[in-house]
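All remarks here apply to the structure that follows.
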Amino acid sequence: MTAVPPARRFLARLTPALRALACTLTAGALLAAAPAARAWEPTQPVELVVPAGTGGGADQMARFIQDMVAKHGLMRQTIRVVNKPGNSGAEGLMDVKADKGNPHKLIITLSSLFTVPLATGISFNWRDITPVSMLALDQFVLWVSADSSYKTAPELLAAMRQKGHNGFKLGGTGSKQEDQLISVLLETAAGTRIQYVPLKGGGDVAKSLAAGDVDMTVNNPIEAEGLWRGGKLRPLCVFDGGPLAYPAKLSNGQAWSDIPTCMSAAIPAQYLMLRGIFMTPQATPDQVAFYVQLLSKVRALPEWRDFMAKGAFRQTALSGQPYLEWLDRAESYHRVLMREARLIAK
């Protein structure tokens, strides 16, 4: 006669209810022993597209993120920054839109995310790609050369009115983008026309002002910070509702927080620019979650706080539904601005 294994003899003596409980506990123990599924992470280098030229605010932030991820070993793969500024950034936007389902490609976006489709008529909307995180909001400052005779924004406005149409050149990044939008707001405040000079990127814009090739710019703080420290540029006002939040002295005893608002100088204009990250279409929730967590780790670094102070950023970070709602509102706002400025493609 075949011997019955001890475990089976034990189970045979149990009541049906206890046998069921024993089987359940045994199955649970087996499941607990199984390895947990690993969360998604990149399996190859990640491309970070910058839809703008080198040296500008988006480029500087992208390369900072690249450096921090590598320095602190925040992920196993590396980040490779690729500039695609063609057609005012449309090249970069369309490249990411076309690469459906590729979780190894990101894009750092400006507010050109809204203005470029309106200005060029390209088949693109921010909903075509996958939102990940807002990293911060960027400021715009009205700058003149340090050699300029204009010490305040009201002085510059008075001179603009006196010289009349196209008496001043304003250098900006690309055509029909954020810089030109602000130039239209300046024209409205001064009651005159400005000669807008489109340049390749924010770095070129700041250098052109320092060289005297243009009379004024509306550079982001981080794009002009080095030349301000070096005594080459002078800030007149910031296009925000309140002063900048950084009191450390940077140039000639001045801090970012010392720059008056343009509103206080009778320029009724406020404008903040997006610095955000998107993925390609059809990204999965676990892929998005990986990059949200990665960017949260970057923002927790002390170097990030220093970077925010250097560029006088407004430290607003969003992801998930709040980010989607912000994007929806920003799209509507830019549509109104572009229509009033007559910059929408016909």
Exercise. Name the residues in segment 54-65 that are more than 15 Å from residue 293 (Cα to Cα) and either assigned to a helix (DSSP H, G or I) or of a type in the set (A, V, I, L, M, F, W, C) (or both), would you?
Worked result: 57, 58, 59, 60, 61, 62, 63, 64
Problem set entry | segment 211-231: number of residues that are crowded, with 19+ Cβ neighbours inside 10 Å and charged (D, E, K, R) | 3
Seminar exercise, completed: Scanning segment 156-210 for residues that are polar (S, T, N, Q), open to solvent by 50 Å² or more (accessible area, probe 1.4 Å) and either over 20 Å from residue 50 (Cβ atoms) or in a helix (DSSP H, G or I) (or both) gives 162, 166, 188, 195
Exercise. Which ones in segment 297-332 are surrounded by 13 or more Cβ atoms within 10 Å (Cβ to Cβ), in a helix (DSSP H, G or I) and out of contact with any strand residue (DSSP E or B) (no Cβ under 8 Å at 6 or more places or on another chain)?
Worked result: 297, 298, 303, 304, 307, 309, 310, 320, 331
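Take segment 333-342 and flag every residue that is farther than 13 Å from residue 111 by Cβ and either touching a Phe, Trp or Tyr at 6+ places or on another chain (Cβ under 6 Å) or surrounded by 17 or more Cβ atoms within 10 Å (Cβ to Cβ) (or both). Before the answer, list the steps.
Within segment 333-342, the first condition is being farther than 13 Å from residue 111 by Cβ, and the residues that meet it are 336, 339-342.
Correct list: 341 only.
Can you tell me which of 116, 82, 132, 144 is over 17 Å from residue 172 (Cβ atoms), among the hydrophobic types (A, V, I, L, M, F, W, C) and open to solvent by less than 10 Å² (accessible area, probe 1.4 Å)?
Testing whether each residue is over 17 Å from residue 172 (Cβ atoms), among the hydrophobic types (A, V, I, L, M, F, W, C) and open to solvent by less than 10 Å² (accessible area, probe 1.4 Å) leaves just 132.
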For this session: Being open to solvent by less than 30 Å² (accessible area, probe 1.4 Å), in a loop (DSSP other than H, G, I, E, B) and in contact with a helix residue (DSSP H, G or I) (Cβ under 8 Å, 6 or more places away or on another chain) is the filter here, so list the residues in segment 250-296 that pass it.
Result: 262, 267, 269, 271, 280, 281
Exercise. Just a yes or no: is a residue in segment 94-105 touching a strand residue (DSSP E or B) at 6+ places or on another chain (Cβ under 9 Å), modelled with pLDDT of 95 or more, crowded, with 22+ Cβ neighbours inside 10 Å and not in a helix (DSSP H, G or I)?
Worked result: yes
Problem set entry | Tabulated pairs, segment 129-145, first of a type in the set (Asp, Glu), second at pLDDT 95 or above and open to solvent by less than 10 Å² (accessible area, probe 1.4 Å), C-beta under 7 angstrom, 6+ apart or interchain | 138/220; 138/273; 138/275; 138/313
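The values are calculated or read from the model by the stated rules, or taken from the named source; none is laboratory data. Values in this document were obtained by computation on a predicted structure and should not be read as measured data. All Cβ positions, even for glycine, are placed from backbone atoms using ideal geometry, and neighbour counts span all protein chains on display. These accessible areas exclude ligands, DNA and RNA; they are computed on the full protein's heavy atoms, side chains included. Shrake-Rupley method; radii C 1.70, N 1.55, O 1.52, S 1.80 Å.
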